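Heads up: the structure comes next, in structure tokens.
Only the coordinates and a few stated rules stand behind these numbers; no lab work does. What you see is a predicted model, and the numbers here were worked out from it, not measured in a lab. Note that we place each Cβ from the backbone using ideal geometry, even for glycine, and neighbour counts take in every protein chain shown.
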Amino acid sequence: MAKSAKKVARAIPRRSNAAKLVEEGHIGRETTDWSSVPADTYEARTMETMRHYGYFFDKKSYLAWTIAWIKDNRPEDLKAYKAAEDWRTSSTLASLCKMERDGCVLSESAKSFIKTNLDTVVAYGKTVKSVIDPEASEPVKRKSPSELLGEKTNEFIGEIEGFVDEFTQGTLDKDWSIYNEMIKLNSAAQTAHDTIKYYKSVQEELRELIEDKTEDLVEGYDNFTPKEQKAFYKFVSNIITDCEKFLVSKKATRKPRTKKATPAHKQVSKVLYLPSSPDFKIASVSPEKMVGADSMYLFNTKTRVMKYLVSDRRDGFQVKGSTVTGFCAENSFRKMLRKPEEYIALLGKGTKAKSLKELKALKTKESATDGRINRDTIILKVLQ
């Protein structure tokens, strides 16, 4: 006969005896002496004890019960089991382990459930890298952001598994939803994606159980009635749907990423312009000064056309190829200069306002302009 399990602290220690008795009347009482249970009530007492454990005990207790069972039956798997995340141990697995150690004669399907679920946890534990001994000389490797997020996701799924257990035991609040849990925790989108992936495998398993009636699954879920199986399938499907809804809302409320500005020297790397003009005795300012500027004067030495550009953006002009962008089409213009030397001299000495006023006062026709620059263009003046 299996050894009796050690006593573990109750999950809700402050519950009064009277209150506990009332709750046990609804949830079910624990059976510890299985030798005195009549055969015709054995299955009912088994389910009642499992509901009791699911309601009155916590994850710490479940881990202790499972570890005790492994020490008795599969000691070679203890290290791998401990390496896996806590959430991978369900209340059902732990309860069956405790009941067997207390002397309960489990059905073949219950024994199969323990084996299948422990195999899964142990197999995962064997893939986990060993933790570096803090007393060793080698420094502890700092975890990457993706590893930290992965741990948070595992913790989150572990918490959800607790709610899943409550659902299967009939104790879950009818208003509970994973969507609300994710909103409350402001979960990362990746957590939602990973949760969907995890529960899609559960959903597929339940689909096989209900539609294909796979022999192993039918045996593993023989404690569920067909109606309960369908209800469980619907519950898991709702978890997936709620995660998908959360992703949609997360995307809708996400702030758009601010586009990183291209450095000025890269923006002007392909600008075609005239560095200097011996005929007019003028030279261009550095093209980089155009980026982010408020206004500028561009003079074509071949056509004698002066372009005046003024920006309509808070961050000023940008340059793409050999074209200035971000200028106000309504307030920018160009004019032919009949006596360019006179106006260029004035532009060199005049204030911002006076230079513009004098250009507008010229009697040549004012017309709409573009931001193109070519090999005949002098970048005459740039104002910030």
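Table for the structure above
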item: Alpha-carbon centroids, the stretch 143-182 and the stretch 312-378: separation in whole Å; result: 63
item: Mean separation of Cα contacts under 8 Å (6+ apart) over length of the stretch 264-383, as relative contact order %; result: 38
item: Too-long pairs where the Cα-Cα distance tops 25 Å, listed order kept, from 307/352; 71/126; 227/250; 79/152; 260/354; result: 227/250; 260/354
item: Radius, Kirkwood style, for the chain when every pair of distinct Cα atoms is counted (Å); result: 27.7
item: Residue 159 paired with residue 106, simple spin-label distance in nm, labels 7 Å along Cα-to-beta-carbon; result: 3.0
item: The stretch 182-341 - convex hull of alpha carbons, volume per residue in Å³; result: 203
item: GNM flexibility winner over the chain from 175, 86, 242 (Cα, springs under 10 Å); result: 175
item: In sequence order, calculated HN-Hα J values of the stretch 365-379 (Karplus, 6.51, -1.76, 1.60; Hz; x Gly/Pro); result: 5, 8, 9, 5, 10, 10, x, 6, 10, 10, 5, 9, 9, 9, 7
item: Label-to-label distance, nm, for residues given as residue 215 and residue 270 (7 Å Cα→Cβ offset); result: 6.8
item: Distance cut-off 24 Å, percentage of C-alpha pairs in the stretch 264-383 lying past it; result: 18
item: Relative contact order [Cα under 8 Å, 6+ residues apart], the chain, whole percent; result: 12
